[in-house]
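To start, the structure under review is shown below, and the notes come after it.
The values are calculated or read from the model by the stated rules, or taken from the named source; none is laboratory data. Computed from a predicted model, the values in this text were never measured in an experiment. Positions of Cβ are backbone-derived with ideal geometry, glycine not excepted, and every protein chain shown enters the neighbour counts.
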Amino acid sequence: MSRRILFLVNGLGLGNSTRCHAVMQGLLARGATIEVVTSDNGLWFFADSPGLAGVTAIPSLSYGATGGRISIGATLAQAHGMLTTLRRAERVIAEAIRRFRPHAVVSDSVYALRPVRRAGIPLAALNNADMVMRGMRRFRDWPASVLPQFLVVELADCLLHRLAADLVISPRLDAADDYETASLRRVGPIVREECSAAADRSGPPRRVVVMLSGSVFGSPVQLRRPHPGLTIDVVGRPAPAGHPPAEGVAYHGKIRDSLALLRQADLVVVNGGFSAVSEALVLNKPMVVVPVPRHAEQWVNGRMIQQLGIGTTATEADLEDAMERALAQIDSFRAAYRRLPPVLDGAAQAAELILDLADRP
């Protein structure tokens, strides 16, 4: 019997969509039927995805902002509007459940979960807020600016999913992080099916890919000076208006298949979103991680990459200098990759866990 799986995907950035798509590929290969409820960039990403039974638009929640930065105060101030949006989303999800009759629901950062609970359908969540909590305890040098987002979002996220979900699937960057409970299962990084480990690169670095978040809080990219001997591909951003690209720099805008460029890179510069960092790790690419300011999870992800020895972190203002410093350390990062244990296939692990949940009596 084909199991019907309904995915609820936050589409604000692209990371949730790419990792859910990886899990969907595993489920489709195992005979499942899949529908998606998503928003924003998720609608663009899934519009042409083969094998899906349907894609439905949902209203989205997003952080409040001040000066183009995440603001927890502004987020809390718009609580009434967020509740209204949540109710609208619940109506869309309730209708999708009534029509599709799923055997299980998978949520990735969608919080309109009451229709799922009312219908008594098994609920799995792709969520690693537990990793963020342990990271904040492990790395005590966090900046005070990330604390509001950690307390209001990450901590609440962790508690909500422990209470609301039947199963929490938590992908990890560090293979040594073996924390689990009966309802929280760890898996390897969840990346696109096409994202296989690249061969070791050697010699002087020649190519850099700058691929920062597609959300409204993604870091700006404006490379102002030449970098002789380097080709730099900027993914997800058009060339800055009024500023001709520096020599050797190509701006590609928003593209669905960034892996072809990533495979050619000696160094990647990414925001601290879990999906982007995971793909770079699986591809064995040294990294410069530029966490979105005031974001605890992104800070923890960057700090983890630093701890593993496979990259470094930077601020938005320091991006260009940090890229040059990382290129000078490239041999050290490559050696650290060779010392890491094999990376587990988190997408395949997650697909099996979801099917097991769907088959529960």
Exercise for review: Take the range 1-17 and flag every residue that is buried (at least 24 other Cβ atoms within 10 Å of the Cβ) and either more than 27 Å from LEU173 (Cα to Cα) or β-branched (Val, Ile, Thr) (or both).
Suggested key: ILE5, VAL9
Review point. When the range 232-253 is examined, which residues are found to be at pLDDT 75 or above and under 26 Å from the mean Cα position of the chain (by Cα)?
Key: ILE232, ASP233, VAL234, VAL235, GLY236, VAL249, ALA250, TYR251, HIS252, GLY253
**Study point:** Filtered residues of the range 108-140 (kept if in contact (Cβ under 8 Å) with a residue 60 or more places away in the chain and among the acidic types (Asp, Glu))
**Key:** ASP108
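Listed here are the residues, each with its yes/no results for (1) under 23 Å from the mean Cα position of the chain (by Cα); (2) crowded, with 16+ Cβ neighbours inside 10 Å; (3) not acidic (Asp, Glu).
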position: ALA96; (1), (2), (3): no, yes, yes
position: LEU123; (1), (2), (3): yes, yes, yes
position: LEU147; (1), (2), (3): yes, no, yes
position: LEU151; (1), (2), (3): yes, no, yes
position: ALA182; (1), (2), (3): no, no, yes
position: VAL187; (1), (2), (3): yes, yes, yes
**Study point:** Options GLY42, GLY13, GLY31; residue that is under 16 Å from the mean Cα position of the chain (by Cα), outside any helix (DSSP H, G or I) and not β-branched (Val, Ile, Thr)
**Key:** GLY13
Check your understanding: Of the residues that sit in the range 18-43 and are out of contact with any Gly (no Cβ under 8 Å at 6 or more places or on another chain) and among the β-branched types (Val, Ile, Thr), which one is surrounded by the fewest Cβ atoms within 10 Å (Cβ to Cβ)?
Key -> THR33
Exercise for review: Select from the range 293-342 the residues that are surrounded by fewer than 17 Cβ atoms within 10 Å (Cβ to Cβ) and part of a loop (DSSP other than H, G, I, E, B) and list them in ascending order.
Suggested key: GLY309, THR315, GLN329, LEU340, PRO341, PRO342
Check your understanding: Quick check, is LEU357 hydrophobic (A, V, I, L, M, F, W, C) and modelled with pLDDT under 95?
Key -> no
Review point. Taking helices (runs of 4 or more DSSP H) that fall entirely within the range 107-204, which contain at least 1 residues that are β-branched (Val, Ile, Thr) and on the phi < 0 side of the Ramachandran plot?
Key: 114-119, 129-138
Exercise for review: Answer yes or no: is there a residue in the range 330-338 that is basic (Lys, Arg), more than 25 Å from TYR251 (Cβ to Cβ) and either over 15 Å from the mean Cα position of the chain (by Cα) or at pLDDT below 95 (or both).
Suggested key: yes
**Study point:** In the range 260-295, the residues that are modelled with pLDDT of 90 or more and touching a Phe, Trp or Tyr at 6+ places or on another chain (Cβ under 7 Å)
**Key:** GLY272, ASN284, PRO286, PRO291
